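Chemist: Let me give you the structure first, and then I'll get to my questions.
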Amino acid sequence: MLVAPFLAAAACSGSSDSGGGDDKQVTLTYAIWDQAQVAAMKQIISEFHSQHPNIDVQVQVTPWESYWTKLQTAVTAGTGPDVFWMTMVYAKYYATGGGIAPLDDQIKSSKMDMGAYVPAVTKAYTIDGKVFGVPKDVNGFGLCYNKQLFDAAKVKYPDESWTWSDVIAAAQKLTNPQKGVYGFVAPEADELSWYLTVPQVGGQIISPDGKSSGYDQPATVKGIQFWTDMITKYHVSPTLQQTTDTDPLAMLTSGKVAMRYCGSWEPEEIAAVPYGKAHIDIAPLPAGPDGNRNYYSNGLANSMSAKTQHREQAWEFLQFLGSERAAEIQAKTGTVIPAYEGHAEAYAKAMPEFDLQVFVDQLKYAQPFPASTDTAAWRDDATKQFAEAWTGKASVDEVSRSVASKMNDALSKEKK
Amino acid sequence: MLLLPAAAGLVVFEIWPTFQTIYYSFTSWGAFGGHTWSGLENYRTLIADSDVVHAVINTAIITAITLLAVPISAVVAALLSLPGMRGVTIYRTLYFLPVVTLPAAVALTWKWLFNGDYGLVNWLLSKVGIDGPHWLSDPATAIFAISIVGVWGSIGYNMVIFLSGIRGIPVDYYEAAELDGAGRVKQFFHVTVPLLTPSIFFVTVITVINALQAFDLVYLMVGQQSPAIQRTETLVYLFYQRGFAEHDGGYAAAIGVLLLLATLILTAAQFRLQRRWVHYG
């Protein structure tokens, strides 16, 4: 007796907010990897839920190291999340392999404006003429430095005039073996190291057509050499063994290194450490020897699983994730620069203790992140091989040639 | 009949996948499901892959070092069985703790202990004037560091089996040995060890099989980014890397078959050799 009116009421409220005409309660899973962005994502979800009461969204956080292996296994088995974060590295792989769904029909019918996003990001997720992701954010890079250590060594703070030689000169003055302080840190982490310097000297990781490796080009070798020289030639950076044992970001926020190249998603982590919040600031990324500022930028998108059971609801959620409001929420937390244009300023003001504007100013030099259909097949191998150059056991030139030949093998397999 | 549930589980989750793996090792995989027959292609790649050679050597080293856990646990178990030994329960719990601790927690804790600049191990070494290496990121030491953790982690399990084995040895033998003038050490070598050989054999077989499957410590304590990975990656790690990280399922299956063969041969060899040294009382 009591149940009947309740059901009737539920049915009424269900049909009144006709999102897609489907009034049954649906739960979507949304997979992400960054713990630091969970708060912003939850806020987006709660606002989305108040507009679409019949759609619940559950966030599933898996750390980056196991995110991709887990996702691929789950998607293959048909148990994967409905909506998930995608990077440029895997976009082609998921799109051509049938892991993520093309969104063109939905974009057309709901008149979504793809021109609202940073073009480099939209372009990276447009594969064979079809759109496979709604752009989420874009990465900028800068030079994080420790003001206290600069003051103590009486070195002028870095500014936009800096090039490679200024970094080297300052690092030499800042290095103080007695105190265990290094002027610079040169980790072996492609995205945060040589992907930033190789384009500055005109080198490339992969040819623009994605068919051959760029590692055997002299300019590429020069871009990588910048990093190994810091360790093996100038001795102004901790060794690869030290940066493997201790996170380079922790070295920066504990005053053990004076300079580190930083990504636009990192200031929040730096501010979480009181010493980092008090003494670290951010300068523009030093330019190449000839003033070239190009860099490889990754940017994320939200994609829909090709195997989702709830296409309509997933699209509703994707639309909201790509909305101006979602961009605003993310920008205000200072975690990422939204790909939705016009909200970079809110990001830049999110943390007044740092000059976040440098990340935003750099966006115009962004180049598409090096990727092919099966990027993982050569990217991990490159990292593994370059360890020899970082530890000084082999020259960058030798290792690069070996990396290029293995990479070309992997690329030729893709074509089959 | 009562075995049926367990047997069904074994067939569905162990035996059937084994045959699937063997089949997959002759195929080439698509990104999200689907595979095509590729004959011996994967095995041709396997023979030419220098990483496989490293992995075989590393796995052999880890297995050899982990076997040290067998004599160590036998000694620990014998000591704990001494009449009049106090606090046996506490020691037994302490030694057994690693067995019931999450491998991830174990790996993380040891990673901190082994940290080159701030780790407790090097701090202790510095007290006696030794400048310790970067244990886990130095290619020369990493494999020993993770093997030590492997030894430490398997003592508890071995010890429990040895303890019950020692309980099964009649006290008369020790009394007789004592009358003949044998001290504790002699009793250990001439009474305990020979009568414990069935347990020792069992533990050795299990230790070898487990060590051949070493993965978690390498994955969690060293990882793909470390300069030491080439000198620590094991067959199972390579299987994971090729199959899950680099999406080459068919090739990973071929590595799995190689591991299966190695395990079969080593275990069969141990069963043949046991006739020479195991005494079933």
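Chemist: Classify region B:122-226 as rounded, prolate or oblate, taking a ≥ b ≥ c as the square roots of the eigenvalues of its Cα gyration tensor: rounded when a/c is under 1.5, otherwise prolate if a/b is larger than b/c and oblate if not. If you can, show how the numbers build up before the last one.
Modeler: Values: a/c = 4.25, a/b = 1.94, b/c = 2.19.
Because a/c hits 1.5 or more and a/b fails to exceed b/c, region B:122-226 counts as oblate.
Chemist: At a threshold of 8 angstrom on Cα-Cα distance, excluding pairs fewer than six apart, so keeping six or more, what relative contact order does region B:34-277 reach in percent?
Modeler: 30 percent
Chemist: At 222 nm, what helix-only mean residue ellipticity would chain B give, in deg cm²/dmol to the nearest 500, using -39500 (n - 2.57) for each DSSP H run of four or more?
Modeler: On the way: 14 runs with 179 residues, N = 281.
It comes out at -20000 deg cm²/dmol, rounded to the nearest 500.
Chemist: I would also like to ask the following. Convert each backbone phi in region B:7-21 into a coupling constant with the Karplus relation 6.51 cos²θ - 1.76 cosθ + 1.60 (shift: θ = phi - 60°), then list the ³J(HN,Hα) values in order as whole Hz, x for Gly and Pro.
Modeler: 3J(HN,Hα) across region B:7-21, in whole Hz: 5, 4, x, 4, 5, 6, 9, 10, 6, 4, x, 4, 5, 4, 4.
Chemist: Could you work out the helix-only [θ] at 222 nm for chain A, with each DSSP H run of four or more residues adding -39,500 (n - 2.57) and the total divided by the number of residues, to the nearest 500 deg cm²/dmol?
Modeler: Values: 20 runs with 190 residues, N = 416.
It comes out at -13000 deg cm²/dmol, rounded to the nearest 500.
Chemist: Quick one: B:LYS127, A:LYS256, A:LYS147, fewest Cβ neighbours within 10 Å first, how do they rank?
Modeler: B:LYS127, A:LYS147, A:LYS256
Chemist: Then there is this: In whole Hz, what ³J(HN,Hα) sequence does region A:231-240 give by Karplus (6.51, -1.76, 1.60; θ = phi - 60°), x for Gly and Pro?
Modeler: Karplus values, whole Hz, x for Gly and Pro: 8, 8, 9, 8, 6, 10, 10, x, 6, 4.
Chemist: OK, next. Could you pull out every residue, at least 5 positions away or on a different chain, whose amide H is within less than 5 Å of the one on A:VAL181? Hs are placed 1.01 Å off N in the peptide plane, and Pro or chain starts have none.
Modeler: Hits under the 5 Å cutoff: A:ASN176.
Chemist: Next up: At a 10 Å Cβ-Cβ cut-off, how would you order B:VAL149, B:VAL11, A:VAL61, fewest neighbours first? The partial results should precede the final answer.
Modeler: On the way: B:VAL149 22, B:VAL11 11, A:VAL61 14.
Going from least to most buried by this count: B:VAL11, A:VAL61, B:VAL149.
Chemist: How big is the gap, in Å, between the Cα center of region B:157-211 and the Cα center of region A:58-102?
Modeler: The two parts, judged by their Cα centres, are 53 Å apart.
Chemist: Considering amide H positions built from the backbone, and no H for Pro or chain starts, which residues 5 or more places from A:THR29, or on another chain, come under 5 Å of its amide H?
Modeler: A:GLN58, A:ASP82, A:VAL83
Chemist: Now, a different point. With a 10 Å Cβ neighbour count serving as the proxy for reagent exposure, in which order, fewest first, do A:SER212, A:SER237, A:SER110, B:SER154 appear?
Modeler: A:SER110, A:SER212, B:SER154, A:SER237
Chemist: Only sites in a loop by DSSP and with at most 10 other Cβ atoms within 10 Å count here; which trypsin sites (Lys or Arg not before Pro) in region B:1-101 make the cut?
Modeler: B:ARG86
Chemist: Mind checking which of B:GLY34, B:GLY153, B:GLY249 has the largest fluctuation in a GNM of chain B, springs on alpha carbons under 10 Å?
Modeler: Comparing B:GLY34, B:GLY153, B:GLY249 in the GNM, the peak value goes to B:GLY34.
Chemist: Summarise the partner chain shielding of A:97-109 as one whole number: the mean count of Cβ atoms from other chains within 10 Å of each residue's Cβ.
Modeler: 1
Chemist: Principal axis extents for the protein assembly as shown, Cα atoms only, whole Å, descending order, please.
Modeler: Sorted largest first, the three principal extents are 93, 81, 56 Å.
Chemist: Quick one: which residues, 5 or more positions from B:THR27 or on another chain, have an amide H under 5 Å from its amide H? H modelled 1.01 Å from N in the peptide plane, none for Pro or chain starts.
Modeler: Here the answer is B:SER38, since their amide H atoms fall under 5 Å of that of B:THR27.
Chemist: Would you kindly derive the ³J(HN,Hα) couplings of region A:214-221 from the backbone phi angles with the Karplus curve 6.51 cos²θ - 1.76 cosθ + 1.60 (θ = phi - 60°), listing them in order in whole Hz, with x for Gly and Pro?
Modeler: So the J values, rounded to whole Hz, are x, 5, 8, 7, x, 5, 5, 4.
Chemist: Here's something else I'd like to know. Can you pull out the trypsin sites (Lys or Arg not before Pro) in region A:321-368 that DSSP calls coil and that have at most 15 other Cβ atoms within 10 Å?
Modeler: Sparse-neighbourhood loop trypsin sites (Lys or Arg not before Pro): A:LYS349.
Chemist: Per residue of B:28-41, how many C-beta atoms from partner chains lie within 10 Å of its own C-beta, taken as a mean? Kindly include the intermediate steps, with their values, before the conclusion.
Modeler: Working: counts 2, 1, 3, 12, 15, 8, 3, 0, 0, 0, 0, 0, 0, 0.
Mean partner-chain Cβ count within 10 Å for B:28-41: 3.
Chemist: In region A:28-131, which trypsin sites (Lys or Arg not before Pro) are in a loop and have at most 15 other Cβ atoms within 10 Å, using DSSP for the loop call?
Modeler: Sites meeting the loop and neighbour criteria: A:LYS111.
Chemist: Under the classification rounded if a/c is under 1.5, otherwise prolate if a/b is larger than b/c and oblate if not, where does chain B fall, given a ≥ b ≥ c as square roots of the Cα gyration tensor eigenvalues?
Modeler: Oblate shape, in that a/c is at least 1.5 and b/c is the bigger or equal ratio.
No value in this document is a laboratory result; all are computed from the given coordinates. Predicted model, so just to flag it, every value in this text is computed and none were measured. Here the Cβ is made from the backbone with ideal geometry for all residues, glycine too, and neighbour counts use every protein chain on show.
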